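K.L.:
Below are the structure tokens for one structure; questions will follow.
Since every read-out is calculated from the coordinates, none of them should be taken as a lab result. Since the model is a prediction, treat every value here as computed from it, not as a measurement. Because the Cβ atoms are built from the backbone with ideal geometry, glycine has one as well, and the counts that use them run over all protein chains shown.
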Amino acid sequence: MSLLLMGAWTGGAGKGPSVRRESANRRAPLPQSVTATRHDGRRMVLLLYAAIVGIAGVLGTILGEFVFAGTGPELFFLIELPPTALGFAAFGAVTVAVGLGVPLALVVYLSRGIDG
């Protein structure tokens, strides 16, 4: 399309700066109380972490009630726990807490290094 036709078609603004009109569909900004902050995300991750560790402890308790073998779990292959519901609950909770906590701590450490 030539510049003359383009100028006539756009109302004379052939190569000038583009001017955007406000759209009627544009949403209003969210109020401060609705927007997410960095602390809200951290709180959510910590609550999810605590819930998962709690579920592992409860499942360990249930498993400990139904296991009839005489040997208990060994925590990190070093600490022998009793073959009771409490021993299995501790094993499940601590194993999941460490298994999720170490990568989560690494993510926090690396993200602070990138932000700062």
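K.L.:
Does the range 37-116 classify as rounded, prolate or oblate by the C-alpha gyration tensor (a ≥ b ≥ c root eigenvalues; a/c under 1.5 gives rounded; else a/b over b/c gives prolate, otherwise oblate)?
P.N.:
Oblate shape, in that a/c is at least 1.5 and b/c is the bigger or equal ratio.
K.L.:
Once you charge only the Cβ atoms, +1 for Lys and Arg and -1 for Asp and Glu, what is the size of the charge dipole of the range 37-116 about its Cα centre, to the nearest 20 debye? Intermediate results must be reported in sequence, preceding the final value.
P.N.:
Working: 4 positive and 5 negative charges, 79 e Å.
Using Cβ point charges on Lys, Arg, Asp and Glu, the range 37-116 gives about 380 debye.
K.L.:
Okay, moving on. Where in the range 40-96 are there chymotrypsin sites (Phe, Trp or Tyr not before Pro) that are in a DSSP coil and have at most 15 other Cβ atoms within 10 angstrom of their Cβ? Working shown, then result.
P.N.:
Numbers: sites: 49, 66, 68, 76, 77, 88, 91; in loops: 68, 76, 77.
In loop regions of the range 40-96 (DSSP not H, G, I, E or B), the sparsely surrounded chymotrypsin sites (Phe, Trp or Tyr not before Pro) are 68, 76, 77.
K.L.:
Considering only 87, 101, 47, whose Cα is most displaced toward the positive end of the charge dipole of the range 37-116, charges sitting on Cβ of Lys, Arg (+1) and Asp, Glu (-1)?
P.N.:
Positive-most Cα among the choices belongs to 47.
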